[in-house]
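Here the structure is laid out as structure tokens; the discussion comes afterwards.
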Amino acid sequence: MSGDGITSLPIFSRLDEIAGVLRERRTLMLTAEPGAGKTTLVPWKLMQDHGTGSGKILLLQPRRVAARAAAERIAQILGEKLGATVGLRTRLETVVSASTRLEVVTEGVLVRIIQHDQALVGYGTVIFDEFHERNLAGDLALAFTHDCRQTLRPDLALLFMSATVRSTELAPVLGDVPRIAVPGRTFTVTVEYHPPLPNEKPWEGAARLVRKAQGLADTGDILAFLPGYREIARARELLEKDLPGNCAILALHGSLPPAEQRRAFQTVKSCRRIILSTNIAETSVTIPGITVVVDTGLERRVRFSLRTGMDHWDTGAISAASAEQRKGRAGRLGPGICLRWWREDAPQLPHSQPEILEADLAPLALETAAWGVKTAEDLAWLTPPPQAHLRRAMALLADLGLVEGNGAISPQGRAAAALGLHPRLARMVLRAALEGDVATAALVAALIEEGGGIARGAVDFRDRFEQWIAWSRGAPGDSSIAVNRVRDEAARCARAAGSSFNAKDVDPSIAGRLLLLAYPDRAAKRSGVQGNRTRWTLAGGRAAFSFVPFSGCEYIVAPEIDGGDTDGRIMLAAPVDEKDIIRTFKESLEETVSVSWKGWKPVFETEVRAGGMLIERGRSAVPEAGIIQRETLRRLSELGLQSLPWSDESRALLARCRLARKKGMSSVFPDFSEDALLDEAGTWLIPFGRWDGGTVWDDASILKALKSRLGYALAARLDSWAPEWVLLPSGSRRRVEYESGEFPVIAARLQEFFGCVDTPIIAGEPALLHLLSPAGRPVQVTRDLGGFWSGTYRDVRKELLGRYPRHYWPENPMEAEPTSRAKPRKK
């Protein structure tokens, strides 16, 4: 951009005012519409305004693409190469020199800078560009910067720039902040709504609208927004089938290398460009030549679930503010067109949620611990981090050994914070460095952080690992971009750990073991197969599934799991050996003895668990008697008394004892109710069990236990009062049945009661007589034998004479001789 070009930008005439307010108030909120030139010209002006501050300027950009584009554009205005007055710092590249006065950095880099120097010595101004995006790293950087200014650097100037930020957002932290609003230089953009066709996928909709856009506008380039690189790849395949000869399709997303990203910012006069982009083209950077925007209205988000402790990948609708930002990309050169892939009346949130409300807070918790505060809540936040999420994050850091019990950062945690990795991966790299495996660990971390282009979409981590190694050794394929990006990140990780990276030192066979250091809670054991899905049980008990079978592998570790509402879906995993599982969980291995039952015979097994996963199970030696007794009582409590091996004799004794309590002898007899027997089983039943591993109880031991509870003295009283047997008038002995109802029952042939007028008395009351026919069928049930003889016997006799004529049926039974035979014996 030439000097003449910058004077035509809307913000140029306000630069002196902006610098003056910032110089005087040290804080400013600059709202500038798209196309105003704020990202380029404001830092350029402040570099020349020495009154703003003598130190260097930090310009924060939320994305690497935007940071690089802004740095190169400002350097171009100065007529210099990048790295002179204008420098660039991202995680993967640092281009600065001793003469650099403006450093364009990503938000995570600012966190590293201020953690290294909490006073920001040498810096005078920090600019937060595209502040409305409210990324987690941006909120963290602001919390540290604000704390720095409050305690160490009251002279530090803070400038916030955005096109859509709400003025009230800064007030809770910074108070009354002066604000300057600058209109943009945008032309009218005509909006058309083309909602999805039936069953139309996002990439299909994008391709359809791009084709339509080619007919609506004869000139200018087309920018299409899609949620992710997978959708970009599929849309590209569809468009390439019928692409006109004068068109070129370009992709733009964060995992592309700088050279590929620059192509999107370079106009080509000889052809029309179709740029398929994620939301990185939404703000911060201006792509020249765009006259048409195709917007699917979707973005890819990662949301952390407190319930599962995992990330959930979510493709959802963008906010109204984002839709306006995207539309504005078509109105920079002149009137433009925006084709939207949704209904005009579709609901939209006004603004996107701050990431701090939805993200995994483990990185934030580690950084705040390294900052030195007791808890993250001691810092000032635009949106306070959710307490439950913070507690979950601190628990993870404690499990990884990165914080102490009181929440203070540990020495290993401080080293991990300096690596610029997620705490999990940082812990892995540091532990691997102690064992001489830093090269492998650095490559593992790089493949997870930057390896989207290596075997993209592969679930088996070995595929990514092996493909990178093959490509790095010269295997054919379009690999240089991905290989170099991963190599650079691996080298950075190794340097941060105090070592160096050499691909020859990489050992793929230990990748799974190293991942266990980072993700011990993501270890999983195979638990079954359902159709084309393999089920796994994670450490802690949660279930997950994979569409890759990992044949021959009993255990895996899964660093990437889409948490899901029920079972998680494994997105990336590596196999591990059982010995690696045991090694990882050696301090928390649990060995328990479990019991199963065959009737009342216990079978004992030893179980070894690691992280809740069953590692080993086998027959166990018979444990001590106390353990068997405890398990036996637990089973009895679950199953109840009916589960015991009762015999007829023991059931009868139990029923007689219960009758004794019921009929007024409760002050003398023990309680034989079910509740009492269960509650006191340890005293009356346990002494009669077998505790050497054999069958605990049989019918004989139950009878002995009941008799012991009753005692000899009461047993004699019971035999007299409620006898087990009675002698009938015929001379036969019959068992008294006590279990069937309220009254004791004596069942015998009617003929055995001849000559007997009084009903036998049992437990102080007449028994219930079941008078039977010669065939053993009841002909009368009564408790009044004399009344039966003088009453209904005549009718019964007539029926019995007809059915059993050979038997003895006297007319006067009260004077007849009782018999257990057909007729009385002759004397």
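Of everything in the range 356-372 that is open to solvent by 30 Å² or more (accessible area, probe 1.4 Å) and in a loop (DSSP other than H, G, I, E, B), the residue that is nearest to Asp521 (Cα to Cα) is Asp360. For Ala224, the conditions (1) part of a strand (DSSP E or B); (2) open to solvent by 10 Å² or more (accessible area, probe 1.4 Å) all hold with the exception of (2). Inside the range 64-89, can you point out the residues that are surrounded by fewer than 24 Cβ atoms within 10 Å (Cβ to Cβ), in contact (Cβ under 8 Å) with a residue 12 or more places away in the chain and outside any helix (DSSP H, G or I)? Leu78, Leu82, Gly83, Ala84, Thr85, Gly87, Arg89 - these are the residues of the range 64-89 that are surrounded by fewer than 24 Cβ atoms within 10 Å (Cβ to Cβ), in contact (Cβ under 8 Å) with a residue 12 or more places away in the chain and outside any helix (DSSP H, G or I). Could you list, in sequence order, all residues of the range 663-672 that are in a helix (DSSP H, G or I) and either exposed (fewer than 15 other Cβ atoms within 10 Å of the Cβ) or under 45 Å from the mean Cα position of the chain (by Cα) (or both)? Answer for the range 663-672, where residues must be in a helix (DSSP H, G or I) and either exposed (fewer than 15 other Cβ atoms within 10 Å of the Cβ) or under 45 Å from the mean Cα position of the chain (by Cα) (or both): just Gly664. Screening Leu516 on (1) assigned to a helix (DSSP H, G or I); (2) in contact (Cβ under 8 Å) with a residue 12 or more places away in the chain; (3) open to solvent by 10 Å² or more (accessible area, probe 1.4 Å) shows it passes everything except condition (3).
Just checking, which of Arg208, Arg179 is open to solvent by 30 Å² or more (accessible area, probe 1.4 Å), farther than 28 Å from Gly228 by Cβ and modelled with pLDDT of 90 or more? Step through it out loud before you land on a result.
On the way: Arg208 fails: farther than 28 Å from Gly228 by Cβ.
Result: Arg179 is the single residue among Arg208, Arg179 that is open to solvent by 30 Å² or more (accessible area, probe 1.4 Å), farther than 28 Å from Gly228 by Cβ and modelled with pLDDT of 90 or more.
When the range 401-422 is limited to residues that are part of a loop (DSSP other than H, G, I, E, B) and free of Cβ contacts under 8 Å to residues at least 40 places away in the same chain, the one that is most open to solvent (accessible area, probe 1.4 Å) turns out to be Asn406. With respect to the stated conditions, Val121 fails to be aliphatic (A, V, I, L, M) and surrounded by 21 or more Cβ atoms within 10 Å (Cβ to Cβ). The set of residues from the range 525-565 being without any contact (Cβ under 8 Å) to a residue 12 or more places away in the chain and under 19 Å from the mean Cα position of the chain (by Cα) comprises just one member, Asp565.
Results for (1) of a type in the set (D, E, K, R); (2) open to solvent by 30 Å² or more (accessible area, probe 1.4 Å); (3) more than 60 Å from the chain's Cα centre (by Cα), shown as yes or no for each residue.
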| position | (1), (2), (3) |
| --- | --- |
| Leu718 | no, no, yes |
| Gly731 | no, yes, yes |
| Arg734 | yes, yes, yes |
| Ser740 | no, yes, no |
| Val745 | no, no, yes |
| Arg749 | yes, yes, yes |
| Glu765 | yes, yes, yes |
| Leu771 | no, no, yes |
| Ala775 | no, yes, yes |
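Per the listing Gly108, Gly138, the residue uniquely open to solvent by less than 20 Å² (accessible area, probe 1.4 Å) and either assigned to a helix (DSSP H, G or I) or farther than 23 Å from Met29 by Cα (or both) is Gly138.
Can you find even one residue in the range 568-585 that is open to solvent by 20 Å² or more (accessible area, probe 1.4 Å), more than 22 Å from Ala426 (Cβ to Cβ) and polar (S, T, N, Q)? No, the range 568-585 has no match at all.
Tell me, yes or no, whether the range 817-827 has at least one residue that is outside any loop (DSSP other than H, G, I, E, B) and of a type in the set (A, V, I, L, M). Please lay out each step first, then the result.
First, pick out the residues of the range 817-827 that are outside any loop (DSSP other than H, G, I, E, B): none.
For the range 817-827, residues outside any loop (DSSP other than H, G, I, E, B) and of a type in the set (A, V, I, L, M): absent.
Counting only strands (runs of 3 or more DSSP E) that sit wholly inside the range 525-576, those with at least 3 residues that are under 18 Å from Glu466 (Cα atoms) are 555-562, 568-576.
Given the options Gly741, Gly776, Gly786, name the one that is part of a loop (DSSP other than H, G, I, E, B) and either within 30 Å of Lys663 (Cα to Cα) or of a type in the set (Ser, Thr, Tyr) (or both).
Values: Gly776 fails: either within 30 Å of Lys663 (Cα to Cα) or of a type in the set (Ser, Thr, Tyr) (or both); Gly786 fails: part of a loop (DSSP other than H, G, I, E, B).
None of the others qualify; the one that does is Gly741.
Thr40 meets each of the listed conditions (1) open to solvent by less than 20 Å² (accessible area, probe 1.4 Å); (2) at pLDDT 90 or above; (3) out of contact with any Ser or Thr (no Cβ under 7 Å at 6 or more places or on another chain); (4) under 21 Å from Ile113 (Cβ atoms) apart from (4). When the criteria are applied in full, Trp697 fails the requirement of being within 27 Å of Gly626 (Cβ to Cβ), open to solvent by 20 Å² or more (accessible area, probe 1.4 Å), in contact (Cβ under 8 Å) with a residue 24 or more places away in the chain and assigned to a loop (DSSP other than H, G, I, E, B). Here Val302 meets the list (1) free of Cβ contacts under 8 Å to residues at least 60 places away in the same chain; (2) hydrophobic (A, V, I, L, M, F, W, C); (3) part of a strand (DSSP E or B); (4) open to solvent by less than 10 Å² (accessible area, probe 1.4 Å) almost entirely, failing just condition (4).
Within the range 580-627, the residues that satisfy the criterion of being among the basic types (Lys, Arg), modelled with pLDDT under 85 and closer than 21 Å to Asp521 by Cβ are Lys586, Arg609. Checked against (1) farther than 17 Å from Trp600 by Cβ; (2) outside any helix (DSSP H, G or I); (3) open to solvent by 40 Å² or more (accessible area, probe 1.4 Å), Asp675 passes all but a single condition, namely (2).
Taking the numbered list (1) in contact (Cβ under 8 Å) with a residue 40 or more places away in the chain; (2) in contact with a helix residue (DSSP H, G or I) (Cβ under 7 Å, 6 or more places away or on another chain); (3) under 20 Å from Arg734 (Cα atoms) in turn, Tyr808 passes all entries but (3).
The values are calculated or read from the model by the stated rules, or taken from the named source; none is laboratory data. Bear in mind the structure is a predicted one, so any value in this text is a computation, not a measurement. Counting neighbours? That spans all protein chains shown, and the Cβs are built from the backbone with ideal geometry, glycine included. Only protein heavy atoms, including side chains, enter the accessible area calculation; ligands, DNA and RNA are left aside. Shrake-Rupley method; radii C 1.70, N 1.55, O 1.52, S 1.80 Å.
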